[in-house]
Amino acid sequence: MTPGASPAAGGSGEIPDRPAAGGREHGAGEAGAGIGVGIGAALADWRRRSTWVDMVMLALRVSLLVLVSAGLLLSLAHNEYSAGDWLSFAVFGLTLGSIYALISLGYTMVYGVLRMINFAHGDVFMAGAFGALIVADPLIATGSLLAVLLLIAVGAATSAAIAALVERVAYRPFRHRGTLAPLICAIGVSFVLQYTARGLFGTGSRAYDDIPLLDGVVTLGPLQVPLVQIFVILAALLAMGALHLLVQHTRLGASMRAVAEDRETAALMGINADRVVTLTFLIGGVMAGTAGVLYALVFKQIHAFMGFAIGIKGFAAAVLGGIGNIPGAMVGGFVLGLAESFGPAALLSGFGIPAPYQLKDAIAYGLLVIILIFRPQGIFGERLAVKRM
């Protein structure tokens, strides 16, 4: 013992530490008990305030989470795909997503200014692909990049003209009437466009001639990316960038945003709302026609009824991102494309399904249903609706 040291300190020097450690353990135990009590109280409060619908929705969420987790784990355990395969899925998903994003922009822009769903937009997309088909042979025969760009321009112009005509003839007369007439007109216009294309171009599939400029592949390590997919992604990003600049940094874009915010007030400020609405349809048509030509370049076949299925996916992308929200529509398109590309391999192959890629459309439409059930405002929310509230 050190001379002068107190007996209470003891010779070992450990006695004072024991009560302190015990105090920390006791404090941690109390904190854990407090957290447990808090969680229990929160659950009891949730049960008291919840209805049977909330219970069902919670059960659905848990079931989906378990199903997705099981699919992912089983697929990873099977190790069926290489790193190159997954990278190929990613590039193809981005390619699909580029096309969906361009289509979804038309849905979201029209909804933003008119609060209506233009269900004929998918057939406007189809019309662009067929419009470009008329001039495809002589342009492709030149073999130049300029010819491919002109092909896209012709498709975009075709869809833009049809979209503006549809707005003027079928939608404007019903704009101020709170009825189902615009919805019925949209369905009617959709059938008119489908059967017009069928009559003009036949019932079978049509295709553009091969474009040698886009036929090669780019090798990046284990990944071989078709040139046409790179071209489609870049062209779509360029189109979306141009739209963003137009909406955010031009006078027309400011007018569109003003009409989307409050059409009556915008009219009082001197903005010609009818002109803005027509231009919105026209710009949405440009995006759809561009998507139609890019789709034809990737899948090498088009037919008169392809607009319905692809249009629904474009609508799903708009809902996924938050309909009425332009950046949301772009992101929603890419998310949907990646989900459709990765989903069969990542979620379904682990269950031993013989042909998981036959279910990719089920994944896309299922995603739409899930979004509408659990988050109807989309990833980014419907910005315009929030502001109006």
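The values are calculated or read from the model by the stated rules, or taken from the named source; none is laboratory data. Everything quoted here is computed from the prediction, not taken from an experiment. Cβ sites come from the backbone with ideal geometry, for glycine too, and all protein chains shown count toward neighbours. Ligands, DNA and RNA are excluded from the accessible area calculation, which covers all protein heavy atoms including side chains. Shrake-Rupley method; radii C 1.70, N 1.55, O 1.52, S 1.80 Å.
Structure notes:
- The lone exception for ALA161 - which of (1) more than 19 Å from VAL124 (Cβ to Cβ); (2) part of a helix (DSSP H, G or I) it fails: (1)
- Residue, modelled with the lowest pLDDT, within the stretch 212-225, restricted to residues that are open to solvent by 40 Å² or more (accessible area, probe 1.4 Å), on the phi < 0 side of the Ramachandran plot and not acidic (Asp, Glu): PRO222
- Test: residue in the stretch 144-153 that is more than 23 Å from ALA236 (Cβ to Cβ), open to solvent by 80 Å² or more (accessible area, probe 1.4 Å), part of a helix (DSSP H, G or I) and not hydroxyl-bearing (Ser, Thr, Tyr): no
- Qualifying residue in the stretch 180-196 (condition: among the hydroxyl-bearing types (Ser, Thr, Tyr) and over 22 Å from LEU279 (Cα atoms)): yes
- Some residue of the stretch 190-207 being part of a strand (DSSP E or B), hydrophobic (A, V, I, L, M, F, W, C) and open to solvent by less than 60 Å² (accessible area, probe 1.4 Å): no
- Filter pass, VAL369 being in contact (Cβ under 8 Å) with a residue 12 or more places away in the chain and of a type in the set (A, V, I, L, M): no
- One residue from ALA316, ALA296, ALA291 being over 14 Å from GLY112 (Cα atoms), buried (at least 20 other Cβ atoms within 10 Å of the Cβ) and in contact with a Lys or Arg (Cβ under 9 Å, 6 or more places away or on another chain): ALA296
- Residue within the stretch 365-375 that is outside any helix (DSSP H, G or I), farther than 16 Å from VAL110 by Cβ and not β-branched (Val, Ile, Thr) present: yes
- Flag for THR158 being among the hydroxyl-bearing types (Ser, Thr, Tyr), at pLDDT below 85 and either surrounded by 13 or more Cβ atoms within 10 Å (Cβ to Cβ) or under 29 Å from the mean Cα position of the chain (by Cα) (or both): no
- Residue within the stretch 123-138 that is closer than 30 Å to LEU223 by Cβ, assigned to a helix (DSSP H, G or I) and not hydrophobic (A, V, I, L, M, F, W, C) present: no
- LYS360 being basic (Lys, Arg) and in contact (Cβ under 8 Å) with a residue 24 or more places away in the chain: no
- Filtered by the rule that a residue be surrounded by fewer than 17 Cβ atoms within 10 Å (Cβ to Cβ), free of Cβ contacts under 8 Å to residues at least 12 places away in the same chain and in a helix (DSSP H, G or I), the stretch 258-279 gives GLU264, THR265, ALA267, LEU268, ARG275.
- Meets criteria (surrounded by fewer than 18 Cβ atoms within 10 Å (Cβ to Cβ) and under 30 Å from VAL91 (Cβ atoms)) for LEU183: no
- Candidates PHE342, PHE380, filtered to the one that is over 21 Å from VAL124 (Cα atoms), in a loop (DSSP other than H, G, I, E, B), open to solvent by 50 Å² or more (accessible area, probe 1.4 Å) and of a type outside the set (D, E, K, R): PHE380
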